[in-house]
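Chemist: For reference, the structure I am asking about is given below.
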Amino acid sequence: MKERSRYKVIYHWSGSGLAGPLAAAMHLGFVSKDAEASVLKKINLPFGGGFTGQNRGSLLYLGRAEQGEEIYILPRGRQPELIIRTLQETASLFGDDPIYYRFIDCEPGKAVIAINKRKFFTWLSQTVTQVEEGLGG
């Protein structure tokens, strides 16, 4: 089993809103995954207001999770493929193994978001839980 401390979990989203910062906060334990969606109005998440175009593509380190993995956010705009591929290639150039990078898309699509914030919050918390379980114990 690979050491969890070698993993880099990168929560990416378009850069608008708080999907990426919220997922990272859940993973780091700053926000409970079973909190009520109404709690979001009371939380002042860093970068929760979104990013401007000039900041998209900036990889931001937010901390190390309890199990050792590094947590990042990446506001990537509407088309993530180029930015993600660039990060993977850059990791290889610096001798880092891209197998330890986990890119997690924090935008489920318009259908879930349009239903209500509670469904989005539930979807996001389930996504974070799956990421944590996927990294192993």
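Chemist: Among residues belonging to region 58-80 that are over 15 Å from the mean Cα position of the chain (by Cα) and at pLDDT 90 or above, point out the one that is surrounded by the fewest Cβ atoms within 10 Å (Cβ to Cβ).
Modeler: GLU66
Results for (1) surrounded by 11 or more Cβ atoms within 10 Å (Cβ to Cβ); (2) modelled with pLDDT of 90 or more; (3) over 18 Å from VAL128 (Cα atoms), shown as yes or no for each residue.
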{"residue": "LYS2", "(1), (2), (3)": "yes, no, yes"}
{"residue": "VAL9", "(1), (2), (3)": "yes, yes, no"}
{"residue": "SER16", "(1), (2), (3)": "yes, no, yes"}
{"residue": "ALA25", "(1), (2), (3)": "yes, yes, no"}
{"residue": "PHE30", "(1), (2), (3)": "yes, no, no"}
{"residue": "LEU40", "(1), (2), (3)": "yes, no, no"}
{"residue": "GLY48", "(1), (2), (3)": "yes, no, no"}
{"residue": "THR52", "(1), (2), (3)": "no, no, yes"}
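The values are calculated or read from the model by the stated rules, or taken from the named source; none is laboratory data. What you see is a predicted model, and the numbers here were worked out from it, not measured in a lab. Please note: Cβ atoms are built from the backbone with ideal geometry, for glycine as well, and neighbour counts cover all protein chains shown.
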